[in-house]
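Shown next, in structure tokens, is the structure this report addresses.
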Amino acid sequence: MNQAAQHSAPSRLRDRTLAAFTLMVSQPALAAIAALAALYALLAVVGGILTFSPVPFWDMWDGGLGFYVRQMTDVSQWWAQHNEHRIVLSRILFFLDYRYFDSNGAVLVVINYLLACATFGLLAWCALQRDASRRRDGRMIAAFILCCALLWTQSNNLTWAFQSQFFLANLLPLLALVLLHASCRTRIRGNAIVFLAALTVAAMAAVSMANGVLAGGVVAAACLLGRQSWRRNLLAWAVAIAVPALYFHHYTPPAGHGSILASLRTEPLEVIKFFFAYIGSPFAHLDASGSLHLGWAILAGVVLLTAGAILSWRTIFKRHDTVDVDLVVTLFLGYLVASAFATAGSRALFGLDAAVASRYTTPGLLVLGCVLILASRNFFRDRALTMPYQIGLALMALAFLPSQLTATRPQPYLDFEWRFAALALELEVKDDKQIGWIFPDAAWAQKIAEPAANMGLGIFAKPGIYDAKLTLGGSYPTAPLQTCSLAGLESEAVDASTNDWIRLKGGLMNSILPQKISTVLLVDANDTIVGRGLLAEPKQDSPGAPFGAPFKAYLMGRAQSSVYKIVIPGFCATTVAPKSP
């Protein structure tokens, strides 16, 4: 029997491979979309590797590193607001990264990719839930949705370590609805457990982002429209009411953000345009040049919302004897649209460009997926997808190729600039221009960084930055004998009013240099360290040519009038004469 099983396993694999090949040949549009999905995923992974940096970026300073430091002495930080959000689930991930992993954000970025695949994968599963005769159509829509999973239009959500909550805020409401659907499929005792799981997941959505508080209401609406028992309705509506009540207890509206009612009263047209642009935001990024096409986004938003409204009307007002997939997708679409409208009300004051920010394209892509599912289930319920529809899907997927190819553009000095900004924070240099690479408010960044640097957390534990401030004034008597070639040295006072620090930048060349970003020391004639800096990863123009790399460094202001050396420890050094008065 075991031998028979061994012989049958290759046979089954061969049969499945042949069936898949036959399917692809018979549906070239499906084959094209599936190939694009695989290509887009590969390009997104390459892009994630090329853009990765261990330096916290933007919200990760306050929301990640700052939170980790604060929660050590204040447990209430777990529930505290981040703007209007209570990002408890993401904070768990931040805590684990800083406590148990390398705290460089790599694990968090990987989680972002996995959450993106889970979110779009679950929506693709909904597309596949068709009758046997229409299953091929479901595969076509599912393949397109998977094509969107790792689109580079949403690169901010994929590559910023902070952004897990953005995927969770979309994944959890959809998962709650799918669990509710699963609990209705058969009458078994375990269905009660699945139903309770749906309510639990809906409640958890509230601590992903603020719009997650709507998840309980969406599940309750599904119970009502899907003719669930009075017990289920009672429990679902209890969760729908209790979760927002708890969420908004002691809630403080964030400063600098608009309110929906005030925005609609004062600038209704701007809110509406923002709303349309937000929904159609993926189509603003089709151009590989990086230019944003707001008109395309608004037009796409109008089309998607109009189609979504018509399709949702048809679904909502037909009789449902259970929570079927049509209802799941329709209510998830309603959740996405309601979230978009709330965002428009609070963010319209930041202008239309904010509506098509990379992070907002994720819900826009999910709206597109929902509309395609509902369109196929309403207009092609009893017949196959027409060839023009299939070709249109393939062309729409192909339209994102130029944008996706931008993921492979090298950014060789991005990590270097970010690390140098972190070095400025370690040295307590008030360099607004450099710190602006990683955080918009240099003074605030310094307050966040000071305790983290003292504890050697995250980027402040990395070579070249760790305890750099403590080395200033120390002795370095063993400078390398080999001389570097110095090119294009420039200097600029960081704070002209105090002249405490001078920012240097230039290029260094030598027959051999460190093969990654490395330390630069500035040493005066008395072998005292009077500055610190970083050397970028070196490059070689041709075999046998010297290696060269740009560097940046901070020189103590009092040392600029004296001779000093620029030292790459263990490699080479060069002497700089003082500037003439």
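Okay, residues lined up against (1) in contact with an Asp or Glu (Cβ under 8 Å, 6 or more places away or on another chain); (2) under 30 Å from residue 406 (Cβ atoms); (3) not assigned by TED's automatic domain parsing to the domain that holds residue 348:
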{"residue": "263", "(1), (2), (3)": "yes, no, no"}
{"residue": "269", "(1), (2), (3)": "no, no, no"}
{"residue": "297", "(1), (2), (3)": "no, yes, no"}
{"residue": "302", "(1), (2), (3)": "no, yes, no"}
| request: Please specify each residue of region 42-55 satisfying the condition of being buried (at least 19 other Cβ atoms within 10 Å of the Cβ) and not in a loop (DSSP other than H, G, I, E, B). | output: 43, 44, 47, 48
| query | Only one residue in 118, 31 is modelled with pLDDT under 95 and either more than 23 Å from residue 443 (Cα to Cα) or outside any helix (DSSP H, G or I) (or both), so which one is that? | reply | 31
| task | For residue 461, indicate whether it is surrounded by 13 or more Cβ atoms within 10 Å (Cβ to Cβ), under 36 Å from the mean Cα position of the chain (by Cα) and among the aliphatic types (A, V, I, L, M). | result | yes
| Taking region 204-228 on its own, how many of its residues are under 28 Å from residue 80 (Cβ atoms), assigned to a helix (DSSP H, G or I) and not aliphatic (A, V, I, L, M)? | 4
| Among the residues listed as 319, 314, 265, 347, the single one being in a loop (DSSP other than H, G, I, E, B) and basic (Lys, Arg) | 319
| task | Hey, can you tell me all the residues within region 118-128 that are surrounded by fewer than 24 Cβ atoms within 10 Å (Cβ to Cβ) and under 17 Å from residue 173 (Cβ atoms)? | result | 118, 121, 122, 125
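To keep it simple, each residue is scored yes or no on (1) surrounded by fewer than 19 Cβ atoms within 10 Å (Cβ to Cβ); (2) modelled with pLDDT of 90 or more; (3) part of a strand (DSSP E or B); (4) of a type in the set (Gly, Ala, Ser).
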position	(1), (2), (3), (4)
506	yes, yes, yes, yes
515	yes, no, no, no
526	yes, yes, no, no
533	no, yes, yes, yes
548	yes, yes, yes, yes
552	no, yes, yes, no
562	yes, no, no, yes
567	no, yes, yes, no
575	yes, yes, yes, no
| query | Among the residues of region 65-80, which ones are surrounded by fewer than 17 Cβ atoms within 10 Å (Cβ to Cβ) and of a type in the set (Val, Ile, Thr)? | reply | 73, 75
| request: Take residue 11 and decide whether it is part of a helix (DSSP H, G or I), at pLDDT 95 or above, outside the structural domain of residue 202 (by TED's automatic domain parsing) and of a type in the set (S, T, N, Q). | output: no
| field | region 56-87, residues that are within 17 Å of the chain's Cα centre (by Cα) and either of a type in the set (Val, Ile, Thr) or assigned to a loop (DSSP other than H, G, I, E, B) (or both) | value | 56, 57, 58, 87
| said: So residue 379 passes all but one of these: (1) under 17 Å from residue 281 (Cβ atoms); (2) surrounded by fewer than 17 Cβ atoms within 10 Å (Cβ to Cβ). Which condition number does it fail? | reply: (1)
| task | Using the structure shown, decide if residue 319 is within 21 Å of the chain's Cα centre (by Cα) and at pLDDT below 90. | result | no
| query | What number of residues in region 155-203 are over 19 Å from the mean Cα position of the chain (by Cα) and either of a type in the set (Gly, Ala, Ser) or part of a loop (DSSP other than H, G, I, E, B) (or both)? | reply | 15
| query | Restricting attention to region 100-113, and to residues there that are touching a residue at least 24 places away in the same chain (Cβ under 8 Å) and part of a helix (DSSP H, G or I), which single residue is surrounded by the fewest Cβ atoms within 10 Å (Cβ to Cβ)? | reply | 106
| note | Only unsatisfied item for residue 359, checking (1) in a helix (DSSP H, G or I); (2) of a type in the set (Lys, Arg); (3) more than 23 Å from the chain's Cα centre (by Cα), is (3)
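The values are calculated or read from the model by the stated rules, or taken from the named source; none is laboratory data. As the structure is a prediction and not an experimental result, all values here were calculated from the model. Don't worry about glycine lacking a Cβ; one is built from the backbone with ideal geometry, like all the others, and counts go over all protein chains shown.
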